[in-house]
Amino acid sequence: MSQRPLLADRLRQSVAEREAASLRRQLRTVTAQQGNWIWVDGQRLLNFASNDYLGLAQAPELAAAMQQAIQKWGSGATAAHLLGGHREPHAALERYAEQWLGYPRALLFSTGYMANLAVLDTCLQSHDLCVQDRLNHACLLDGARLAGARLKRYRHQDLAHAEALLAAEPERAAMLVSDAVFSMDGDQVDVRAITAVAERQQALLFLDDAHGFGVLGPEGKGTVAAAGLGVESVPLQMLTLGKSMGSFGALVVGTDAMIDALVQLARPFLFTTAMPPAVAAASLAAMQTARAQPWRQEALHRRIDVFRTEVADLGYTLMASQTAIQPILIGEAGKTLQCAAALGERGFYAPAIRYPTVPKGEARLRITLSASHTEAELAALIEALRQLRQQPFMNEPSTCG
Ligand SMILES: *Cc1c(COP(=O)(O)O)cnc(C)c1O
């Protein structure tokens, strides 16, 4: 009778298309963990996919801080920040981050995803211009969409292109937004160069340092600190607490005026329950531990150096990354799945990353390294990669992306 298209049919169709293109995702449950080992479907795997770059997620300092805070504050914050949910551990975390990072103010969000939605949706209106790197994280693009801003994407790391897009619309208020470390490639933005573009074009610069925080710069203060810069050059940054800090949540650090505007206006801050105080306590302990134990950052960089040297020698294509994200470019989605499966058979978890997370034809094994990987564990992965190279399917010509 009715001609109305059925949404359920369309969703089934979309999933079927993904499946036909070797793009179906599998949700697998980790049933146990010990050190870097995880148990999945009864199989024990050495995990090379975690974002726990400093090995803090299982550090006793974090667990102790969390337990103490649970004793004092219970399990939940019970309300949004502005309605009684903002507890002392949340405030302590923010004040510590401000002092350590040298930013006037920090504001805690429940996730990096929400923090990015908050920053973009609050700063931008529909007639504004938002210029972003093509390979920016999905939530940065979503933030610009949520704001309804004019979103223009420039070729990856092509700052001349970024500047041209800004210069073409000088009458609009504008924001220039980039990952500081790109999440699927591991390369870093040139902070000085992007700062100069933002200044010349009078655009508000916002950097997402989800993967540089804890990893780069003095004491792991991140990509901006590594460039010797701070709030004068980069007025807004987002730092996740769920990656190198081994905890959960995110901080936006910035000028007083910017952060105050977020507290007043940002909907993903206003209309959500504050994170459990114990989680904030764990994040504070993570920052303190990262600073007190510089060996974590040092060990991570030693692992990165060994991995890059030895895996390049095996003839694989690495990406321009000096960070914990060390993807091996394979190309075709199906072949990349075969690689991931072959590594899985040998006891290693290194997932295939495919379209739409990365461009078509650029599927990759996304290997991430951690200070917690022992030299022996890394050597075992490299040996498995050497054997993988010998597999017949590795030398078959590619058919499609
Ligand atoms: C992981 C990630 C986020 C989201 O952070 P969550 O705390 O996991 O929500 C944002 N930006 C980048 C670049 C990321 O890699």
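A quick yes/no check of all residues on (1) surrounded by fewer than 19 Cβ atoms within 10 Å (Cβ to Cβ); (2) not small (Gly, Ala, Ser):
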residue: ARG308; (1), (2): yes, yes
residue: ALA312; (1), (2): yes, no
residue: GLN322; (1), (2): yes, yes
residue: LEU343; (1), (2): no, yes
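The condition of being away from the ligand (no atom under 16 Å from the Cβ) and closer than 24 Å to LEU216 by Cβ holds for only one of LEU135, LEU159, LEU141, LEU165, that being LEU159. Cβ separations smaller than 8 Å between residues 6+ apart or across chains give the following pairs from the stretch 3-26 residues that are surrounded by 10 or more Cβ atoms within 10 Å (Cβ to Cβ) to residues that are of a type in the set (Val, Ile, Thr): ARG24/VAL15.
Annotation note: of LEU107, LEU46, LEU11, LEU82, the sole residue that is more than 27 Å from ALA371 (Cα to Cα), modelled with pLDDT of 95 or more and assigned to a strand (DSSP E or B) is LEU107. Of the listed requirements (1) closer than 24 Å to ALA118 by Cβ; (2) in a loop (DSSP other than H, G, I, E, B); (3) not hydrophobic (A, V, I, L, M, F, W, C), GLU171 misses just one: (1).
Taking the condition among the aliphatic types (A, V, I, L, M) and loosely packed, with under 11 Cβ neighbours inside 10 Å, does LEU54 pass? For LEU54, the condition - among the aliphatic types (A, V, I, L, M) and loosely packed, with under 11 Cβ neighbours inside 10 Å - is not met.
Can you tell me which residue is surrounded by the most Cβ atoms within 10 Å (Cβ to Cβ) among those in the stretch 201-217 that are in a strand (DSSP E or B) and without any contact (Cβ under 8 Å) to a residue 40 or more places away in the chain? Taking the candidates together, the pick is LEU207. Does the stretch 239-285 hold any residues that are outside any loop (DSSP other than H, G, I, E, B), in contact with a Leu (Cβ under 6 Å, 6 or more places away or on another chain) and among the polar types (S, T, N, Q), and which are they? Of everything in the stretch 239-285, just one residue is outside any loop (DSSP other than H, G, I, E, B), in contact with a Leu (Cβ under 6 Å, 6 or more places away or on another chain) and among the polar types (S, T, N, Q), namely SER283. Among the residues of the stretch 349-367, those that are in a strand (DSSP E or B) and either surrounded by fewer than 23 Cβ atoms within 10 Å (Cβ to Cβ) or of a type in the set (Gly, Ala, Ser) (or both) comprise TYR349, ALA352, ILE353, ALA363. If you check GLY220 against the conditions, is it of a type in the set (Gly, Ala, Ser) and buried (at least 19 other Cβ atoms within 10 Å of the Cβ)? So GLY220 passes the test.
The values are calculated or read from the model by the stated rules, or taken from the named source; none is laboratory data. Computed from a predicted structure; not experimentally measured. Glycine gets a Cβ as well: all are built from the backbone with ideal geometry, and neighbour counts include every protein chain shown.
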